[in-house]
Amino acid sequence: MVPIADRDPLPRGAAAFLLGTEATRGTLPSLLEALTRALRDLDGIPVARASISIPLMHPELRSAQVIWSDDAGARELLRGASKDTTALYDRSPMRPLYDGTTRQIRHRLRDDDPSPRAYEILDELHAKGFTDYLALCADAPTHWERAPMTWATRTPGGFSDAQVAALQALVPLLSLVLGVHGHRRKTRTLLRTYLGDDAASRVLDGHIRRGDVVDVEAAVCFCDLRNFTALSQELSRPDLLALLDDAFDAVVGAVEEQQGDVLKFIGDAVLAVFRAEDNDESRRDVAHRAWTAATNALQRARDTDARRRAAGHAPLSIGLSVHMGRIAYGNIGGPTRLDFTVIGPAVNLASRLEGMCRPLGASVVVSDAVARHLPAERFGDGGLVDTGEHALKGIPAPVRIYASRG
């Protein structure tokens, strides 16, 4: 470690921890736990509550915040972007720190100070016996690079000037460490958002070369929006996008509930996979989860369709297919532009299978490869019906298809 001059206010214990490898290896809660321990035990700064925040590049979340207190330990809170959470954010010290309006907010929480406090959190802290509050943030070009931190104490009189200077001196170093955590979270979140959980994990593990594929058994599910071509001619672009969003909401939620992976949105279609192990028990489990996801997606779509019709919007109708077989799962594409996807005869069959929904008057169809793994109660009245063997375009042999017309 670079020697620190005696006149430098940087707290040595906390700085040594942040310069070590453990600060970036662990989670945000473990980081804050260890940092406050160093500040208290090694540097003599009586921190009784602390928080660190990182912005998230996430479609539904604004930030991740970890709050530590000496009586409750550390807990992580994920802040959303709803109307309620946005209003709460606007009334908090985080807003001016993230916006770059200020880099420091200091409030002594004295009993003899009757003046109104600028933020609700200050009244809450005062009621819990805190005497001083300090919020800090390093300067950064955009809010995506800012990571606010707060410190509070219960010590009578609050933080000393030297302790405030020490916490201020820690800002650049702690901001660098939080930047590493934030970058890691953003990378994982973006990959999960655009690739799905399993594909994201594989890419992060280094599976990024063309031809880096694995041969796996899986249930493949296709979903297609009915009458999309005609609707795309009739609806305005905002209405068409709203229709697609409603359809995808129904399918994605149902697939994720059953631990499946949504791999692709192909125009108005969705491709999802449910990976299986090479044994009958896993095949039965995956077949059941894929079937359940398909039927749940259909019910969600019907519920959404009812709401849309009641509001005077265009109808929503989907068809789904499920097939099980061997697939190649991994990277294909050009030398510098890859796609993490699935290919193989089983994928082609699943796609062709979905096209049989309309001729069979069905909402969900499955192949014999799936049906043989489903329990008997899935068949008969209100369930799957054997429609016999059918020739599918591009598929060499006829396929036995089971249809659900419910």
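Identify, by number, the condition in (1) modelled with pLDDT under 95; (2) open to solvent by less than 20 Å² (accessible area, probe 1.4 Å) that D278 doesn't meet.
Every condition holds for D278 apart from (2).
So, in the range 52-70, how many residues would count as being part of a strand (DSSP E or B), farther than 12 Å from L178 by Cα and not basic (K, R)?
Of the range 52-70, the ones part of a strand (DSSP E or B) are 52-55, 61-69.
Remaining after also requiring farther than 12 Å from L178 by Cα: 61-63, 67-69.
Among the residues that remain, those that are also not basic (K, R) are: 61, 63, 67-69.
Total meeting the criteria: 5.
Restricting attention to the range 160-170, which residues are in contact (Cβ under 8 Å) with a residue 40 or more places away in the chain and either under 12 Å from I52 (Cβ atoms) or outside any helix (DSSP H, G or I) (or both)?
Going through the range 160-170, the residues in contact (Cβ under 8 Å) with a residue 40 or more places away in the chain turn out to be 162-170.
The answer is L170, and nothing else.
Just name the residue that is farthest from L263 (Cα to Cα) out of those in the range 320-348 that are open to solvent by 20 Å² or more (accessible area, probe 1.4 Å) and in a helix (DSSP H, G or I).
P345
What's the number of the condition P375 fails, among (1) more than 36 Å from the chain's Cα centre (by Cα); (2) at pLDDT below 90?
Failing condition for P375: (1).
Test V164 against the criterion of being surrounded by 19 or more Cβ atoms within 10 Å (Cβ to Cβ) and closer than 30 Å to A269 by Cβ, and give yes or no.
Numbers: surrounded by 19 or more Cβ atoms within 10 Å (Cβ to Cβ): yes; closer than 30 Å to A269 by Cβ: no.
The answer is no for V164.
State which residue is nearest to the chain's Cα centre (by Cα) when the search covers only the range 229-267 and only residues that are open to solvent by 30 Å² or more (accessible area, probe 1.4 Å) and of a type in the set (D, E).
E256
When only residues in the range 11-40 that are of a type outside the set (S, T, Y) and in a loop (DSSP other than H, G, I, E, B) count, which is farthest from S69 (Cα to Cα)?
Narrowing the range 11-40 to residues of a type outside the set (S, T, Y): 11-20, 22-23, 25-26, 28-29, 31-35, 37-40.
Going one step further and asking which of them are in a loop (DSSP other than H, G, I, E, B), we end up with 11, 20, 26.
Values: P11: 20, G20: 23, G26: 19 Å.
Only one residue fits best here, namely G20.
Could you list, ordered by first residue, the pairs with Cβ atoms under 9 Å in which the first is in the range 373-393 and open to solvent by less than 40 Å² (accessible area, probe 1.4 Å) and the second is acidic (D, E) and not in a loop (DSSP other than H, G, I, E, B), at least 6 apart or interchain?
Within 9 Å, the pairs are H373/D280; H373/D285; G383/E377.
R284: open to solvent by 70 Å² or more (accessible area, probe 1.4 Å), touching a residue at least 60 places away in the same chain (Cβ under 8 Å), out of contact with any Cys (no Cβ under 8 Å at 6 or more places or on another chain) and not in a helix (DSSP H, G or I), yes or no?
Working: open to solvent by 70 Å² or more (accessible area, probe 1.4 Å): yes; touching a residue at least 60 places away in the same chain (Cβ under 8 Å): yes; out of contact with any Cys (no Cβ under 8 Å at 6 or more places or on another chain): yes; not in a helix (DSSP H, G or I): no.
Considered against the rule, which asks whether it is open to solvent by 70 Å² or more (accessible area, probe 1.4 Å), touching a residue at least 60 places away in the same chain (Cβ under 8 Å), out of contact with any Cys (no Cβ under 8 Å at 6 or more places or on another chain) and not in a helix (DSSP H, G or I), R284 comes out as no.
The values are calculated or read from the model by the stated rules, or taken from the named source; none is laboratory data. In this text the structure is predicted, and so the values were computed from the model without any measurement. Every residue, glycine among them, receives a Cβ derived from its backbone with ideal geometry; neighbour counts consider all protein chains shown. For accessibility, only protein heavy atoms count, side chains too; no ligands or nucleic acids. Shrake-Rupley method; radii C 1.70, N 1.55, O 1.52, S 1.80 Å.
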